[in-house]
1. Report, by residue number, each residue of the stretch 5-58 that is touching a residue at least 40 places away in the same chain (Cβ under 8 Å), in a loop (DSSP other than H, G, I, E, B) and either under 16 Å from the mean Cα position of the chain (by Cα) or within 24 Å of residue 148 (Cα to Cα) (or both).
2. Condition first: part of a loop (DSSP other than H, G, I, E, B) and in contact with a strand residue (DSSP E or B) (Cβ under 8 Å, 6 or more places away or on another chain). Now tell me which residues in the stretch 64-115 satisfy that.
3. Taking the residues in the stretch 52-85 that are farther than 20 Å from residue 124 by Cα and touching a helix residue (DSSP H, G or I) at 6+ places or on another chain (Cβ under 8 Å) as candidates, determine which candidate is modelled with the lowest pLDDT.
4. Quick check, is residue 230 on the phi < 0 side of the Ramachandran plot and free of Cβ contacts under 8 Å to residues at least 24 places away in the same chain?
5. Sort out which residues of the stretch 65-85 are closer than 29 Å to residue 6 by Cβ, surrounded by fewer than 20 Cβ atoms within 10 Å (Cβ to Cβ) and free of Cβ contacts under 8 Å to residues at least 60 places away in the same chain, and write them in order of number.
6. For residue 239, work out the one condition from (1) part of a helix (DSSP H, G or I); (2) closer than 18 Å to residue 22 by Cα; (3) modelled with pLDDT under 95 it doesn't fulfil.
7. Take the residues in the stretch 140-169 that are in contact with a strand residue (DSSP E or B) (Cβ under 8 Å, 6 or more places away or on another chain) and at pLDDT below 95, then tell me which one is surrounded by the fewest Cβ atoms within 10 Å (Cβ to Cβ).
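The values are calculated or read from the model by the stated rules, or taken from the named source; none is laboratory data. Bear in mind that the values here come from a model prediction, so they are computed numbers and not experimental data. All Cβ positions, glycine included, derive from the backbone under ideal geometry; neighbour counts span all protein chains shown.
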């Protein structure tokens, strides 16, 4: 199975590190015209130095805050301008997370805490998809993949209520949009990774488990190892390709467990 994306225009949000970085690498090596976006501008700048493309693939970076609808619309317009008016073929929404928060009882959660996570995980995904859909509708084709996380839902039961809600909401949005956009030739799916200590928030969580807790977590995983960004990227490559042409509205777990 040779999966390639020559000449296809791909937007990846949350591209600066972890899963987003692995996605940019995977698409770039398969010939895509990758547009990498993130709010972390210094880290985003390093993409051009760290990723080697193949098959004519390219990487261009676009610092942007996906919680700002106007900036997201401008981002999509800029990408289309750079590609002679062509619309985006594939978008992967990988931006999100717990934005530096820690678990706390619901009666101690502030409105600022609540909105911080909802804004990036729900509103941000909404803004990005809303902006790319008109072009996809015009071309009667498009692939949308959201990085969700049932594994994160279980973790969130310890206290980050808005994160649990936001990840469940992403999966619900994927199902709804798959039904709505299917008649326009647009497929919408999600990938649900297992736990990965790939950002400061999750590194802190991982280190907080201690050696015994880390070993216990791996023992609960059938394959006895943690998920990697490359594991997630491989699943996205499949869902974004023509090999998944009759798959939509699905959430593909990538967590090493039946």
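1. 5, 8, 14, 15, 17, 30, 32, 39 - these are the residues of the stretch 5-58 that are touching a residue at least 40 places away in the same chain (Cβ under 8 Å), in a loop (DSSP other than H, G, I, E, B) and either under 16 Å from the mean Cα position of the chain (by Cα) or within 24 Å of residue 148 (Cα to Cα) (or both).
2. At the first step, the residues of the stretch 64-115 found to be part of a loop (DSSP other than H, G, I, E, B) are 64-68, 83-89, 94-105, 109-110.
Hits for the stretch 64-115 are 64, 66, 83, 86, 87, 88, 89, 94, 95, 96.
3. Within the stretch 52-85, the first condition is being farther than 20 Å from residue 124 by Cα, and the residues that meet it are 52-60, 81-85.
Filter once more, so that each one left must be touching a helix residue (DSSP H, G or I) at 6+ places or on another chain (Cβ under 8 Å): 52-55, 57-60.
Details: 52: 90, 53: 93, 54: 94, 55: 94, 57: 96, 58: 96, 59: 96, 60: 97.
Among residues in the stretch 52-85 that are farther than 20 Å from residue 124 by Cα and touching a helix residue (DSSP H, G or I) at 6+ places or on another chain (Cβ under 8 Å), the one modelled with the lowest pLDDT is 52.
4. Working: on the phi < 0 side of the Ramachandran plot: yes; free of Cβ contacts under 8 Å to residues at least 24 places away in the same chain: no.
Considered against the rule, which asks whether it is on the phi < 0 side of the Ramachandran plot and free of Cβ contacts under 8 Å to residues at least 24 places away in the same chain, residue 230 comes out as no.
5. If we filter the stretch 65-85 for residues that are closer than 29 Å to residue 6 by Cβ, which is where we start, we get 66, 72-85.
Then drop every residue that is not surrounded by fewer than 20 Cβ atoms within 10 Å (Cβ to Cβ), which leaves 73-74, 77-78, 80-85.
Within the stretch 65-85, 73, 74, 77, 78, 80, 81, 82, 84, 85 qualify.
6. Of everything listed in (1) part of a helix (DSSP H, G or I); (2) closer than 18 Å to residue 22 by Cα; (3) modelled with pLDDT under 95, residue 239 misses just condition (3).
7. Checking each candidate, the answer is 150.
Okay, residues lined up against (1) under 19 Å from residue 27 (Cβ atoms); (2) modelled with pLDDT of 95 or more; (3) not in a helix (DSSP H, G or I):
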position	(1), (2), (3)
211	no, no, no
230	yes, yes, no
233	yes, yes, no
249	no, yes, yes
258	no, no, yes
